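S.K.: What follows is a single structure, and I will ask about it in a moment.
Values quoted throughout were computed directly from the atomic coordinates according to the rules given, and no laboratory measurement underlies them. None of the values given here were measured: they were computed from a predicted structure. Cβ placement follows ideal geometry from the backbone for every residue including glycine, while neighbour counts extend to all protein chains displayed.
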Amino acid sequence: MDNLVSIITPNYNSEKFISETIDSVIAQTYQNWEMIIIDDVSTDNSIDIIHKYIKNDTRIQLIRLSNNSGAAVARNKGIEKAKGKFIAFVDSDDLWSPFKLETQLKLMLKNNIAFSYSPYKLIDEDGKSLNKIKIPLAKIDYKELLKENQIGCLTAMYDQEILGKCYMPLIRKRQDYGLWLSILKKVQYGYSVTENLEIYRIRKNSISSNKVDLLKYNYELFHIHEELSYITSFYYLMCNIYRKIKN
């Protein structure tokens, strides 16, 4: 289907947030999408909530994993099943502006861009604004991204007709960062729209809330997955630390 967007959403025990996430997708001004929710063996009521949406909207589908496998496996299963020209991501506790797809697709189609992203706003677990917007560079190449992951997973979109289906590396953490790096080995730049199009929820004790832990996994990503030398990996780790302090 022309310009169909496949939206990949991993879900694990997100009954408190999943309705808001799905509602933000349904509210899109651009309506040519499919939403693939991959449940990673949830034990809460989120499956029942998702089924209620599926009954009313055939664009929403659910895949249930048989074993708890983590976000990378869940997202990759969704990418594998995706039928769209474009692949986008939103986690089960994050939100999109109604204009997210329309705005980002306009940029990509007009300029034949294979990979794009955007600024995004931060909220806490209760939905309260943290009065902070993450604003990435207007364009980013591979070496620049090594210095700092400026691309929020909920903002990223790639054209799989140009790039092929690109999957997240099966590493313990920083899988999305690894995917952006692999994409930027295929294209020279990723490009940002100027508008803030998403809302990222910072949850207590989440993987992404532990900044020290993330730096350790960044180093492993650089050295093991990207196969950079110890010295080069350490250099980019220092770049990450400097930018975290600066911001």
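S.K.: If you average the alpha carbon positions of segment 63-112 and of segment 136-177, how far apart do those two centres end up, in angstrom?
M.R.: Taking the Cα centre of each part, segment 63-112 and segment 136-177 sit 12 Å apart.
S.K.: For the pair E220 and E161, how long in nm is the line joining their label points, each one 7 Å along Cα→Cβ?
M.R.: Each label point is offset 7 Å from its Cα along the Cβ direction, giving 3.8 nm.
S.K.: Let me ask another. With no solvent and one point on each alpha carbon, what is the Debye value of log10 I(q)/I(0) for segment 84-180 at q = 0.12, 0.16, 0.20, 0.25 Å⁻¹?
M.R.: Once normalised to I(0) and log-transformed, intensities are -0.41, -0.75, -1.18, -1.60.
S.K.: Counting only the backbone N, which residues of segment 78-121 are under 20 Å from the spot 7 Å out from the Cα of S19 toward its beta-carbon?
M.R.: Label zone hits: 91-98.
S.K.: Dividing the alpha-carbon Rg of segment 5-203 by 2.2 N^0.38 Å yields what? The partial results should precede the final answer.
M.R.: Values: Rg = 15.7 Å, N = 199, 2.2 N^0.38 = 16.4 Å.
Relative to the rule-of-thumb radius for its length, segment 5-203 sits at 0.95.
S.K.: State, to one decimal in nm, how far the label point of K147 lies from the label point of L62, with both points 7 Å from Cα in the Cβ direction.
M.R.: 4.5 nm
S.K.: Moving to a separate point now. Measure nothing but the geometry: give the 0 to 90° angle between the long axis through the Cα atoms of 211-220 and the longest principal axis through the Cα atoms of the chain, rounded to 10°.
M.R.: 70 degrees
S.K.: If packing is taken as the average number of other Cβ atoms within 10 Å across a peptide's residues, how do 90-102, 128-140 rank, most packed first?
M.R.: Ranking, from highest mean packing down: 90-102, 128-140.
S.K.: Given Cβ point charges of +1 (Lys, Arg) and -1 (Asp, Glu) and nothing else, what value in debye, to the nearest 20, does the dipole of the chain about its Cα centre take?
M.R.: On the way: 34 positive and 30 negative charges, 118 e Å.
Charge dipole, the chain, about its Cα centre: 560 debye, nearest 20.
S.K.: Sticking with this one: I'm a student and want to see the number: the projected area of the Cα convex hull of segment 1-70, averaged over all directions, in nm².
M.R.: Values: hull surface 19.6 nm².
Over every viewing direction, the Cα hull of segment 1-70 projects on average to 4.9 nm².
S.K.: Still on this structure, I have one more. Quick one: which of 32-44, 4-16 comes out on top by average Cβ neighbours within 10 Å, and what's the full order, highest first? Walk me through the intermediate numbers first.
M.R.: Numbers: 32-44: 19.8, 4-16: 22.3.
The peptides rank, most packed first, as 4-16, 32-44.
S.K.: What length, rounded to one decimal in nm, is gained on full extension from D2 through to D213, with 0.36 nm per residue of separation minus their alpha-carbon distance?
M.R.: On the way: separation 211, 0.36 × 211 = 75.96 nm, distance 4.13 nm.
So the chain would gain 71.8 nm between D2 and D213.
S.K.: Where Lys and Arg each count +1 and Asp and Glu each count -1, what net charge lies around G70 among other residues with Cβ under 14 Å from its Cβ? Spell out each step's value before the answer.
M.R.: Working: positive: R75, K77, R172, K173, R174; negative: D39, D40, D91, D176.
Charge balance in the 14 Å sphere: +1.
S.K.: Among the listed pairs K81/K185; K77/K186; K128/K185, which are separated by more than 27 Å between their Cα atoms? Don't skip to the answer; put the middle values down first.
M.R.: Values: K81/K185 24 Å; K77/K186 22 Å; K128/K185 37 Å.
Correct reply: K128/K185.
S.K.: Under a Cβ-Cβ cut-off of 11 Å, what is the net charge of the residues other than C239 that fall near it, where Lys and Arg count +1 and Asp and Glu count -1? Mind showing how you got there, number by number?
M.R.: Numbers: positive: K143, K147, R243, K244, K246; negative: E144, E148.
Cβ neighbours under 11 Å give a net charge of +3.
S.K.: What residue among L228, L62, L154 shows peak mean-square fluctuation when the chain is described by a Gaussian network model with Cα springs under 10 Å?
M.R.: Sorting by GNM fluctuation, first place goes to L228.
S.K.: Report the label-to-label distance for L109 and D44 in nanometres (one decimal), using points 7 Å from each Cα along the Cα→Cβ vector.
M.R.: Distance between label points: 3.6 nm.
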